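Readers should treat all values here as calculations from the given coordinates under stated rules, not as data from a laboratory. Owing to the predicted nature of the structure, the values given are computational and were not obtained by experimental measurement. Cβ placement follows ideal geometry from the backbone for every residue including glycine, while neighbour counts extend to all protein chains displayed.
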């Protein structure tokens, strides 16, 4: 998001990040020296720091993407998700409201607070159907419950205080610079090292995949043209079973980085994640028809581009594998261990 705003759109950006385990400033080397980019290491739960950030930078738009986001970690470390995703969102909304209330005329009219969320708040679909903006919330994990609570807070600040909030809910993102605990980068890097490729259950769980650059474009469009108080769902229309995602990565690696045996031989079925939702799929009709956005990247094109990026950028992921997260299984509760 930051790279797109600074490089492509020439926006002045203040990037606020706590730099937890998944925060990596190497991801922003391309814009680090730009005069239009600033960085603030701070916790969104810190009201004093947030008030100071608003007062100093004076934004026209807030894009709230800060969150603990890995479902597996939420199973064993739920407190972090409650603190950042719920308390942090409340704190940021209040800091934004205080700042917005002091703005005058045109600046007040221009201001937007874009709250970025997930399709997981809607729960689990059966074999048919799609998540729509009016789909009732039915979160199933500590992660999705914390994001659902944050969504409700954001919506309430619009209805109660008229803070100009817009909400987006997206499907699974993938692409370059993806922290290697998530399915796609974990599969790529494990395969490169000849390690087992863990697949939960039988790999039948379905996700809709959205290339990260497409998502960044969607967020800018919603911030610029979206209707305040409304929700927009952004999805790639690229549903795939988890096992098919892993198998496709193996096929690409067999072509571009062949090993002594097909990489699919590394696939290992493991005990399923507790409460693993069966299927997510987003109906993106509203953002497509009202705002003119559509995902440009197909899954087949995007996944090959992603695999090649990891092959070409070991400088970025190798330190993470060696010092931060080496691929161990996460999220095993006492009952599933």
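Quick notes on this structure:
- Nearest-0.05 FRET efficiency for residue 260 and residue 52, computed from C-beta distance (R0 51 Å): 0.35
- Cβ-derived FRET efficiency at R0 41 Å, residue 271 paired with residue 161, nearest 0.05: 0.35
- Rounded to the nearest 10 degrees, the inclination of helix 142-161 to the longest alpha-carbon principal axis of the chain is 20 degrees.
- Computed from Cα positions, the angle between helix 299-312 and the longest principal axis of the chain comes to roughly 80 degrees.
- Alpha-carbon centroids, region 254-289 and region 143-159: separation in whole Å: 28
- With Cα atoms, 0 to 90° folded angle of helix 47-57 axis to the chain main axis: 70
- Multiplying the residue separation of residue 8 and residue 109 by 0.36 nm and removing their Cα-Cα distance gives an extension gain of 33.9 nm.
- Stretching the chain fully between residue 325 and residue 60 yields a gain of 91.8 nm (0.36 nm per residue, less the alpha carbon separation).
- Mean separation of Cα contacts under 8 Å (6+ apart) over length of region 67-170, as relative contact order %: 38
- Region 146-217: relative contact order as a whole-number percent, Cα under 8 Å and 6+ apart: 34
- Listing 11, 250 from fewest to most neighbouring C-beta atoms within 10 Å gives 11, 250.
- Computed from the Cβ-Cβ distance with R0 of 41 Å, the FRET efficiency linking residue 79 to residue 300 stands at 0.55.
- Mean separation of Cα contacts under 8 Å, 6 or more apart, over the residue count of the chain: relative contact order %: 19
- With both labels modelled 7 Å from their Cα along Cα-to-Cβ, the residue 128 to residue 34 distance reads 4.6 nm.
- Shape call, region 1-109: gyration tensor on alpha carbons, a/c limit 1.5: oblate
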